[in-house]
Each structure stands twice: as structure tokens, then as C-alpha cells.
Amino acid sequence: MALVPCRECGQQVSTEAAACPKCGAKPKQPIGRLPVIVGLILGGYVLTSILPATSSKPASTTPDRVQPAPARVKERTLSDDRFQATARVLALIKSSMRDPDSLKWDQILSNDDGTVVCVTYRGRNGFGGMNFEHAAYTKGAISTTSKAWNKNCAKQSLHDMKYAAFALK
């Protein structure tokens with residue numbers, strides 16, 4: 001039997017006591033071996049699933065890896081350009097908001113290469129009311145006029161880019 005300080009009040013308490021006689025705080029229970037072993041096993045599993053497996057051979061010489069066709073590479077490049085342009089436009093719109101936390105994206109559209117991005121959104125104005133707005137990004141500039149929207153966004157074949165809003169969170 002040893003005396004240790006209580007973790008709540010600091011008074012000396014026996015290691016065999018069920019609670020501190022002064023404040024009633026229960027002593028800290030030691031961790032057993034089983035939880036430690038299970039934690040180490042789970043931690044090892046998580047690390048091996050997160051870290052990529054290393055290979056001694058270069059990636060280009062492995063027979064199981066199929067090189068993408070040139071059309072797929074071009075499509076992936078256009079998709080990346082479209083995503084990057086859309087994310088930049090959304091960030092610009094969000095930074096110009098009076099209350100960025102109230103921003104709700106309704107529709108996010110873009111053409112193949114991201115040179116045209118059309119966005120409809122709602123946001124709180126200075127009086128606490130919600131405004132419904134639309135913006136069209138073309139030629140490096142954003143316009144909120146109906147003329148720009150009708151010319152670049154209305155009745156156009158554009159890609160749905162709503163998932164790009166998750167890049168801002």
C-alpha cells in the first residue's frame with residue numbers, strides 16, 4: 001500500500017482506496033495489456049493501409065500498369081483545368097460575400113476547358129435577408145449581369161461542377 005496524491009484535490013490517498021476521502025474522486029485506473037496490444041495492431045493496420053507500398057522497379061516497367069491512351073490524358077487535363085478554374089471562381093465569389101458563412105451554392109457549371117464558369121448562389125445581405133444571385137465568368141472577368149448570363153450560360157451545354165464547392169471547405 002502506497003500513498004499517492006489525489007488527481008482532483010491533491011490530498012494523499014492510498015493506492016488501494018476506492019475513492020479520495022476528501023473529495024470522493026475515483027483513482028485513475030491503470031491501462032491493461034489487452035487495450036495496448038489491440039491499439040498497436042490497429043495502428044499498424046492503419047499505417048500500412050495509408051502508406052503506399054514501395055516497389056524496387058520503376059512504375060513504367062511494371063507489366064500490370066496500363067498506360068492511358070492519349071485521349072484519356074487530354075480528357076483528364078481538361079477536367080483538371082475545368083476544376084481549377086471553377087474552384088478559383090468560387091473562391092473569388094466567396095471572398096466578395098458580406099457573410100461568407102451564409103453562402104449556399106445552387107448551380108455550378110463550366111465548359112470543357114474552364115474558360116466559362118456559370119454559378120447561381122444564395123447569400124445573406126447586409127440587412128439579414130437572403131439574395132439569389134448569378135455570376136458568369138468569361139475572359140478572365142466575372143459579370144453578374146443578366147446579359148452576360150444569357151449569352152454565356154443559358155441554353156449552353158456545360159458540365160455540372162457542384163463538387164468543386166468542396167474544395168473551399
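Around the amide H of HIS159, modelled in the peptide plane, lie the amide H atoms of SER110, ASN111, all under 5 Å away and 5 or more residues distant in sequence or on another chain.
Annotation: amide H-H contacts under 5 Å for VAL13 (H modelled 1.01 Å from N, sequence separation of 5 or more, or interchain): VAL4, CYS6.
Loop-located trypsin sites (Lys or Arg not before Pro) across the range 1-44 with a Cβ neighbour count of 16 or fewer within 10 Å are ARG7, LYS22, LYS28, with loop assigned by DSSP. What does the C-alpha gyration tensor say about the overall shape of the range 124-168? Classify as rounded when a/c is under 1.5, otherwise prolate if a/b is larger than b/c, or oblate. Oblate is the answer for the range 124-168, as a/c is 1.5 or above yet b/c matches or exceeds a/b.
Lysine pair count for the range 75-168 (Cα-Cα distance under 14 Å; residues 8 or more apart in sequence or on different chains): 4. Here each label is just a point 7 Å from Cα along the line to Cβ, and for LYS151 and ARG33 those points are 7.8 nm apart. Exposure proxy for GLU16, GLU133: other Cβ atoms within 10 Å of each Cβ, ordered fewest to most, give GLU16, GLU133. 3J(HN,Hα) couplings calculated from phi for the range 8-19 with the Karplus curve 6.51 cos²θ - 1.76 cosθ + 1.60 (θ = phi - 60°) are, in sequence order, 9, 10, x, 6, 5, 10, 5, 5, 8, 6, 6, 7 Hz; Gly and Pro show x. With the simple spin-label model, which puts each label point 7 Å out from Cα in the Cβ direction, the ALA18 to GLN107 separation comes to 6.9 nm.
Just so you know, all these numbers are worked out from the coordinates, no wet-lab data involved. Please read these numbers as outputs of a predicted model, since none were measured by experiment. Here the Cβ is made from the backbone with ideal geometry for all residues, glycine too, and neighbour counts use every protein chain on show.
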